[in-house]
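In what follows, a single structure is set out as structure tokens and then discussed.
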Amino acid sequence: FLKKAARLYIENDFYNSALPILLKLEKIQPYDQENWLLFARALRGVGFIRKAIPYYRNVAALDMNNYQLLKEYCTVLKEGSFFSEGYNVSINAYHNSKDPDFALLASEISALSGNISNSISILEEMENSGLCFLKCRKMLSVYYLFLGKNDMSEKQAEYINSDKDFQLFIKGLLRLKNGENKEAYDFLRQAIKSEDPFIKKACEKILKEGGR
């Protein structure tokens with residue numbers, strides 16, 4: 001009954017209510033794999049990412065072929081800034097499963113750790129394998145921009161016909177880098193209508209500082 005109650009609380013995002021139950025369960029069944037996973041999810045849900053990671057680690061170690069769980073684990077490692085461990089787990093899972101989601105995670109984690117060149121290498125490998133779709137191309141466009149590969153950044157953005165706001169955003173940033181401020185601000189004023197909160201916020205900030 002306790003485990004079922006904890007599971008229901010977590011499924012409905014009542015993480016604080018689940019935690020006292022899970023503490024009781026931990027005393028009764030200290031080596032129960034499902035309890036570890038429920039505890040990990042509850043701790044993550046209340047923002048205790050670093051406390052959640054050892055529970056995720058213990059569960060994942062018992063079944064490294066549970067790729068759905070590994071995606072969750074890698075995401076939590078990224079959120080907790082465990083970049084080295086997150087990168088190793090995600091890149092190994094990608095090589096074993098060929099699931100592009102792991103390559104995207106490895107690329108993101110590599111970028112967050114400061115190694116954008118490696119992030120690009122992973123995404124270019126995906127592109128060469130025919131696995132580079134919307135998110136992959138967006139990431140390539142942004143990372144190329146960071147490294148000053150402006151033509152390659154714009155080329156990737158041009159592939160993304162399904163997201164015109166992203167294209168406008170990249171065009172605006174590229175013009176801004178080239179000192180073409182008037183054109184840049186025109187593009188950003190259009191991109192600010194995006195439903196993507198990151199693009200919207202970035203456009204608002206740039207325009208507020210110099211171009212509204």
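The values are calculated or read from the model by the stated rules, or taken from the named source; none is laboratory data. What you see is a predicted model, and the numbers here were worked out from it, not measured in a lab. With ideal geometry, Cβ positions are generated from the backbone for all residues, glycine too; neighbour counts draw on all protein chains shown. Note: areas computed on protein heavy atoms with side chains; ligands, DNA, RNA excluded. Shrake-Rupley method; radii C 1.70, N 1.55, O 1.52, S 1.80 Å.
The figures follow:
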| item | result |
| --- | --- |
| Test: residue in region 164-181 that is of a type in the set (S, T, N, Q), in contact with a helix residue (DSSP H, G or I) (Cβ under 8 Å, 6 or more places away or on another chain), farther than 20 Å from I120 by Cα and part of a helix (DSSP H, G or I) | yes |
| Sole residue being hydroxyl-bearing (S, T, Y) and without any contact (Cβ under 8 Å) to a residue 24 or more places away in the chain, chosen from S107, S129 | S129 |
| Members of region 137-146 found to be surrounded by fewer than 17 Cβ atoms within 10 Å (Cβ to Cβ) and within 15 Å of M126 (Cα to Cα), listed by number | none |
| Close pairs (8 angstrom Cβ cut-off, 6 or more residues apart or separate chains): β-branched (V, I, T) in region 167-185, part of a helix (DSSP H, G or I) anywhere | I170/S141; I170/V142; I170/L145; I170/S153; I170/E154; I170/A157 |
| Output for region 111-122, where each listed residue is in contact (Cβ under 8 Å) with a residue 24 or more places away in the chain and in a helix (DSSP H, G or I) | A111, L112, I116, S117, S119, I120, I122 |
| Scope region 193-212; condition closer than 12 Å to F166 by Cα and not in a helix (DSSP H, G or I); matching residues | K193, S194, E195, D196 |
| Check on K155, surrounded by 14 or more Cβ atoms within 10 Å (Cβ to Cβ) and either of a type in the set (D, E, K, R) or under 24 Å from the mean Cα position of the chain (by Cα) (or both) | yes |
| Breaking point among (1) open to solvent by 90 Å² or more (accessible area, probe 1.4 Å); (2) basic (K, R); (3) more than 19 Å from S117 (Cβ to Cβ), for K200 | (1) |
| In region 1-22, residue surrounded by the most Cβ atoms within 10 Å (Cβ to Cβ) [restricted to those that are within 18 Å of L69 (Cα to Cα) and among the charged types (D, E, K, R)] | R7 |
| Of the criteria (1) open to solvent by 50 Å² or more (accessible area, probe 1.4 Å); (2) under 28 Å from T75 (Cβ atoms), which one K177 fails | (2) |
| Residue check for K149: open to solvent by 50 Å² or more (accessible area, probe 1.4 Å), closer than 20 Å to S107 by Cα and of a type in the set (D, E, K, R) | yes |
| Checking L134 against (1) more than 20 Å from the chain's Cα centre (by Cα); (2) open to solvent by 40 Å² or more (accessible area, probe 1.4 Å); (3) of a type in the set (A, V, I, L, M), the condition it does not meet | (1) |
| E154 vs. criteria closer than 21 Å to I91 by Cα, assigned to a helix (DSSP H, G or I) and not basic (K, R) | no |
